[in-house]
Amino acid sequence: MSPSAAAADRRFFGIAAVVVALVVFAGFARTYYLKPIFGTPALSGLVHVHGVVMTLWFALLIVQVRLVATHRTDLHRKLGVAGALLALAVVLVGVATAITAARLGHTPGPPPLAFLIVPLTDMLVFTLLVGTGLALRRRPAAHKRLMLLGGVGMLTAAIARLPLLPLLPGDIIVTAISLTVLGVVVCVAVDTWRQRRLHPALLAGGLLIVVSWPLRLALSGTPTWQRVAGWLIG
């Protein structure tokens, strides 16, 4: 890769990471980041921990991309160890938060047992993408694409809470899912146009996110999932 192409590559991933973080901030501004201003309902300790862990993850994504852009790959690798532990915390706390919300009936969509499959599948997809990305850390081209997709794939919850979303036609959850899929498609399309080739990691990771949605929605109302979800919430 030529120096100019490498610089353009770093800009693309830098911009993408910032956009992902901005969507998260905008989506959760009223209920979390700017909560004192809007006076939204109090949050439990577990939800606060979930918010902190997720915020740290998206902040780390920006920092890691920036370190590569400034040729601080040594520090990037050192932070990668902390990043692996943080990714584990994202999954553990995310699963605990989703199950607790379902148990209390604090879900924005269908009946709690059916909706539980949405955040749990988010955590599964995140685990597969980020886990594979960490395993391929010595292959930078695949590594950075999978890590980026790990962030994009979790945007549905933030998108569903964007202030302007209720103004759009259709069901809010369906719209949020559609916009998440659109984000994946944009990442794949822009990167493919830039590179003049579709990277296998981007293809596989993008398909994982996109295909997971019809699968989880199809399974959410089945008796098998209802039994599994009922067992999970105790």
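The values are calculated or read from the model by the stated rules, or taken from the named source; none is laboratory data. Just so it is clear, the structure is predicted and the values come from calculations on it, not from any experiment. Here the Cβ positions follow ideal geometry from the backbone for every residue, glycine too, while neighbour counts run over all protein chains shown. All accessible areas refer to the heavy atoms of the entire protein, side chains included, with ligands and DNA or RNA removed. Shrake-Rupley method; radii C 1.70, N 1.55, O 1.52, S 1.80 Å.
What do you reckon, is Val190 of a type in the set (Val, Ile, Thr) and either assigned to a loop (DSSP other than H, G, I, E, B) or open to solvent by 60 Å² or more (accessible area, probe 1.4 Å) (or both)?
For Val190, the condition - of a type in the set (Val, Ile, Thr) and either assigned to a loop (DSSP other than H, G, I, E, B) or open to solvent by 60 Å² or more (accessible area, probe 1.4 Å) (or both) - is not met.
What single numbered condition from (1) open to solvent by less than 40 Å² (accessible area, probe 1.4 Å); (2) of a type outside the set (Phe, Trp, Tyr); (3) touching a Pro at 6+ places or on another chain (Cβ under 7 Å) fails to hold for Ile172?
Among (1) open to solvent by less than 40 Å² (accessible area, probe 1.4 Å); (2) of a type outside the set (Phe, Trp, Tyr); (3) touching a Pro at 6+ places or on another chain (Cβ under 7 Å), Ile172 violates only (1).
Would you tally the residues in the range 44-83 being surrounded by 14 or more Cβ atoms within 10 Å (Cβ to Cβ) and among the hydroxyl-bearing types (Ser, Thr, Tyr)?
1
Hey, does the range 110-132 have a residue that's in contact (Cβ under 8 Å) with a residue 40 or more places away in the chain, of a type in the set (A, V, I, L, M), open to solvent by less than 60 Å² (accessible area, probe 1.4 Å) and touching a Lys or Arg at 6+ places or on another chain (Cβ under 8 Å)?
Taking every residue of the range 110-132 in turn, at least one turns out to be in contact (Cβ under 8 Å) with a residue 40 or more places away in the chain, of a type in the set (A, V, I, L, M), open to solvent by less than 60 Å² (accessible area, probe 1.4 Å) and touching a Lys or Arg at 6+ places or on another chain (Cβ under 8 Å).
Six or more apart or on different chains, Cβ under 6 Å: which pairs go from a residue in the range 212-229 that's under 28 Å from Gly150 (Cβ atoms) to one that's surrounded by 15 or more Cβ atoms within 10 Å (Cβ to Cβ) and not hydrophobic (A, V, I, L, M, F, W, C)? Could you list them?
Qualifying pairs under 6 Å: Ser212/Thr121; Arg216/Thr121.
Among the residues in the range 86-96, are any within 26 Å of Gly133 (Cα to Cα) and open to solvent by 60 Å² or more (accessible area, probe 1.4 Å)?
yes
Would you check which residues across the range 156-178 are under 15 Å from Val210 (Cβ atoms), of a type outside the set (Gly, Ala, Ser) and free of Cβ contacts under 8 Å to residues at least 24 places away in the same chain and list them?
Across the range 156-178, the qualifying residue is only Val174.
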